[in-house]
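These notes are about the structure you will find just below.
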Amino acid sequence: MRLRRLAAVAAALFVLAACSPAGPDDPPAADGVTTVSVRVWDDQVAAAYEKSFAEFSRQNPDIRVQVNTTSYADYFTGLTLDVASGTADDIYWLNALYFGALADGGKLIDIGKALPDEVGGWVPAAVQQYTRGGTLWGVPALTDGRIVVYYNKAMVEAAGVDPQNLTWNPTDPAADTFLPAAKKLTRDAAGRTADQPGFDPGTVTQYGFNAGRDLQAIYYNFIGENGGRFQAPDDTFAFTEPRSEQAFSYLVDLINTHHVAPPASATNTNYDFSRDQFLQGKMALFQSGTYNLKNIDDGATFAWGIAPLVAGPAGRVSVVNSVIAAGNADSPRRDAILLVLRWLGSEQGASFVGGEGAALPAVTAAQQGYSDYWAGRGVDTRYFGAAGGTDTIPAPSGPKFGAGSTAFEPIFNDVFAGRVPVAEGLRAAQDAGNAALR
Amino acid sequence: MRSRDTRTAYLLLAPSLFGVAAFLVLPILVVVWLALQRWDLIGPRTFVGLDNVVAVAQDGRFARSLLVTAVFVAIVIPAQTVLGLGAALLLNRGLRGSAVFRVLYVLPWICAPLALGVVWRWILAPTDGALNALIGHRIEWLSDPVLALPSVAAVTVWTQVGYVALFFVAGLRAIPSTLLEAALLDGAGPWQTFRLITLPLLRPTLFFVLVTGVISTFQVFDSVYALTPKGGPQGVTDVVAGRIYYEAFESRAVGQAAVMAVVLFVLLVAITLVQQRWFSRRTTYDLST
């Protein structure tokens, strides 16, 4: 994109910003059908939504629902521009990183007020996460459940590792069973494991674990499991405190000292690198969430299993994130939007998502379908729930978390790549993140 | 009569003038106006005067991105100009297959820079990348702070060489053969002919290639974004257009991004004026013998 194009975008923003996006209700199309658009970032769920909305339109013949899928990498940049220019979809998914700014900006329909009778049917953690200023700003659509460890059965058996009971400890090597296991699971081109003499970290053909700059699957949980925190109660960043720094140091050492995880140069900018390595049979333990369950089930050509999170000094602590379907407050199709949102928040509407195994619905009554689907495929999903632990670390919060993460992520890249000492990098990242919050 | 001619002229120019006003002048004015506002794209806009200018001046990242861009331009422009001229001289010799090579050279320039960036990212990937597999060594082309900028510059040069060569070929063909023959008769060798006849007469082409090259390289975004997103390792590929993008659409500080855009605009106008003055004293457009 050249500068001229940026200028054109700016001009378009100006022209569009000068217009009031909210107008009188759009008249229905000539055939009397109102079309409501829904923007999501997940192909698997989009496919389930198509089926769900087909049923919705059968029950509501005057409303058609169009599902638009955008890749996650571009999702929020495009959404922000579209909201600014008044061309956003009628309903769009939001996660914790970006919802605060849109809620504070008055861009979202107040669901707590519009659908108060439905709130009791939704996962309480999701309702709590997206309640801001005393009201709920979207219908909880998905909840990721707890983070787990997917493992390659042949690899762990060959190494004699039990993935169900691994513990890590940054200060007491005797209490750390995870690092020795990860070393046994990491192999070079000559077949030597990372705990053997002569191991060549430059020719690794099988990684033990997916340590990397992955907020949800990796570093939030490690921080929580070491009793640290990422944000203070006022939403400012607080990850330089000693326990958080220890967790980061442990992860960075897994990559750069012990070489049991892929180099950060491979994972910093390719968010799917580790998942692909696992699917290609080049990684033994892959810590991730429900959002990768379908991908692994579809893509793995080997026997695999699910273990609970690797436990830290403070036990198994997971971040539990949810996604909401938010109503566009500027859309003229408010009544139709609320009907669609009510459907998404109902047991029947959400059952398509769970019943297809695409994701774990945040509608409590629809979650059984998800478990049943995966049980039918021989997959044990209990570790996504209480069997995987009950302790959690608060999910990202605050209206400017997205801006903060834009500031600290490049510095995290250097920290994970080992180019900057952990303490120094975390201090710079925290300062940059907090500056972006102001 | 004269005023009717004037009216007709303006009437005929009206479509173009509308285009210039709507897509050039208006966006520039809007960017200047945005530079005086605080706006996060979502909430209301607030007039803040010169606060954004002060914030940008105090933000070391913008100064760094200007420096990165200057180094990037200093690598790309000489390389693409010399390689483009070399390719043009070879193509102009009318050897067999020249037409095919002319098309091949231009292909990278025709392709979408973002797509090319993605392809090159695969080629230069440290793990499972094609280049590392070929040479048998694991080199972090795009994530090593020392190598990242030269690697991105190399991809940019590769993309642009064909385009530059195309203009030089046209410039070489515009040189009257009689001048070259006269030089030959006077006993000039190939190097003397090139230095004393060809190169001076190519100055109009050189001027065009340098001006457009410098402007487009200062504004480079897509390929750098695709190869090294977020400014690359330790910000070594954080070019100005990228910084403007991150500031506007990721940090949502539209006002500060607008200030950066204005600074870049002024800088480019200044550089272009300097180039124009330099070439105007040394260039002839009269190739008649």
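The values are calculated or read from the model by the stated rules, or taken from the named source; none is laboratory data. Please read these numbers as outputs of a predicted model, since none were measured by experiment. Cβ sites come from the backbone with ideal geometry, for glycine too, and all protein chains shown count toward neighbours. Only protein heavy atoms, including side chains, enter the accessible area calculation; ligands, DNA and RNA are left aside. Shrake-Rupley method; radii C 1.70, N 1.55, O 1.52, S 1.80 Å.
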Here FRET efficiency (C-beta to C-beta, B:TRP122 to B:ALA182, R₀ 45 Å, nearest 0.05) is 0.30
Here the relative contact order (percent) of the stretch B:60-280, from C-alpha pairs under 8 Å and at least 6 apart, is 29
Taking a ≥ b ≥ c as the square roots of the eigenvalues of the Cα gyration tensor, with a/c under 1.5 meaning rounded and otherwise prolate when a/b exceeds b/c and oblate if not, the stretch B:60-280 is oblate
Among the DSSP H helices of chain A, those whose Cα atoms extend at least 18 Å along the helix axis and whose mean Kyte-Doolittle hydropathy is 1.6 or higher are A:3-18
Output row, site A:THR131, 7 Å Cα→C-beta label point, backbone N cut-off 16 Å, window the stretch A:338-363, residues none
In a Gaussian network model of chain A with springs linking alpha carbons closer than 10 Å, the residue among A:ALA158, A:ALA181, A:ALA114 that fluctuates most is A:ALA158
The extension gain from A:GLN348 to A:ASP74, computed as 0.36 nm times the residue separation minus the Cα-Cα distance, is 95.6 nm
Given the candidates A:VAL319, A:ASN295, A:LEU360, the one whose Cα lies deepest towards the positive end of the charge dipole of the stretch A:263-370, counting +1 at each Lys or Arg C-beta and -1 at each Asp or Glu C-beta, is A:VAL319
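Heavy atoms only, 1.4 Å probe, whole protein assembly: order A:LYS113, A:LYS282, A:LYS294 by accessible area, highest first. Walk me through the numbers before you get to the answer.
On the way: A:LYS113 160, A:LYS282 60, A:LYS294 30 Å².
In descending accessible area the options line up as A:LYS113, A:LYS282, A:LYS294.
Quick one: net charge around B:ILE42, please, counting Lys, Arg +1 and Asp, Glu -1 for every other residue with C-beta under 13 Å from its C-beta. Could the numbers behind the result be given before it?
Details: positive: A:LYS107, A:LYS400, B:ARG38, B:ARG45, B:ARG252; negative: A:ASP82, A:ASP104, A:ASP330, B:ASP40.
So the surrounding residues net to +1.
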Candidates A:LYS183, A:LYS51, A:LYS400; GNM for chain A (alpha-carbon contacts under 10 Å) flags as most fluctuating A:LYS51
Looking at the stretch B:30-69, residues buried by 50 Å² or more relative to their chain on its own, accessible surface at probe 1.4 Å, turn out to be B:VAL30, B:LEU41, B:ILE42
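About its Cα centre, how strong a charge dipole does the stretch A:311-415 have in debye, to the nearest 20, once Lys and Arg get +1 and Asp and Glu get -1 at the Cβ? Can you show the working numbers first?
Details: 7 positive and 9 negative charges, 32 e Å.
The dipole magnitude comes to about 160 debye.
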One finds the C-alpha centres of the stretch A:158-186 and the stretch B:128-163 to be spaced, in Å, by 37
Cα-based Rg then Dmax for the stretch A:62-156, in Å, read 16.5, 55
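Which entries of A:LYS294/B:LYS230; A:LYS184/A:LYS282; A:LYS153/A:LYS184; A:LYS107/A:LYS400; A:LYS51/A:LYS107; A:LYS51/A:LYS294 have Cα-Cα distances beyond 19 Å here?
Values: A:LYS294/B:LYS230 30 Å; A:LYS184/A:LYS282 14 Å; A:LYS153/A:LYS184 14 Å; A:LYS107/A:LYS400 15 Å; A:LYS51/A:LYS107 28 Å; A:LYS51/A:LYS294 17 Å.
Long pairs (Cα-Cα over 19 Å): A:LYS294/B:LYS230; A:LYS51/A:LYS107.
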With +1 at each Lys and Arg Cβ and -1 at each Asp and Glu Cβ, the charge dipole magnitude of the stretch B:78-163 around its Cα centre, to the nearest 20 debye, comes out at 400
With a 1.4 Å probe and ligands and nucleic acids left out, the total accessible area lost when A pairs with B, in Å² to the nearest 100, equals 3400
With every protein chain kept in place and a 1.4 Å probe, the stretch B:60-280 has an accessible area per residue in Å² of 46
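Going through the DSSP H helices of chain B, which span 15 Å or more along their own axis at the Cα atoms while scoring at least -1.0 as a mean Kyte-Doolittle hydropathy? Let's see the in-between values first.
Details: long enough: B:2-20 (26 Å, 0.13); B:60-91 (45 Å, 1.73); B:98-110 (18 Å, 1.55); B:113-124 (16 Å, 1.48); B:148-173 (38 Å, 1.40); B:203-218 (22 Å, 1.48); B:254-280 (38 Å, 1.70).
Going by DSSP H runs, the hits are B:2-20, B:60-91, B:98-110, B:113-124, B:148-173, B:203-218, B:254-280.
Counting only protein heavy atoms, what percent of the accessible surface of the protein assembly as shown is carbon or sulfur at a 1.4 Å probe?
Details: 19040 of 31650 Å².
So the carbon and sulfur contribution to the accessible surface is 60 percent.
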Taking a ≥ b ≥ c as the square roots of the Cα gyration tensor eigenvalues, with a/c under 1.5 meaning rounded and otherwise prolate when a/b beats b/c or oblate if not, chain A comes out prolate
Taking Cα pairs closer than 8 Å and at least 6 residues apart, the relative contact order of chain A in percent is 24
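Using a 1.4 Å probe, what is the accessible area per residue for chain A, in Å²? Spell out each step's value before the answer.
Details: 16450 Å² over 438 residues.
I get 38 Å² per residue for chain A.
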Distance in nm between B:ALA9 and B:PHE23 label points, each 7 Å along Cα→Cβ, equals 2.5
Projected onto the charge dipole of chain B (unit charges on the beta-carbon of Lys, Arg, Asp and Glu, signs +1, +1, -1, -1), the Cα from B:VAL82, B:ALA248, B:VAL169 with the largest positive-side position is that of B:VAL169
Projecting the Cα atoms of B:LEU185, B:LEU147, B:PHE279 onto the charge dipole of chain B, where Lys and Arg contribute +1 and Asp and Glu -1 at Cβ, the residue farthest towards the positive end is B:LEU185
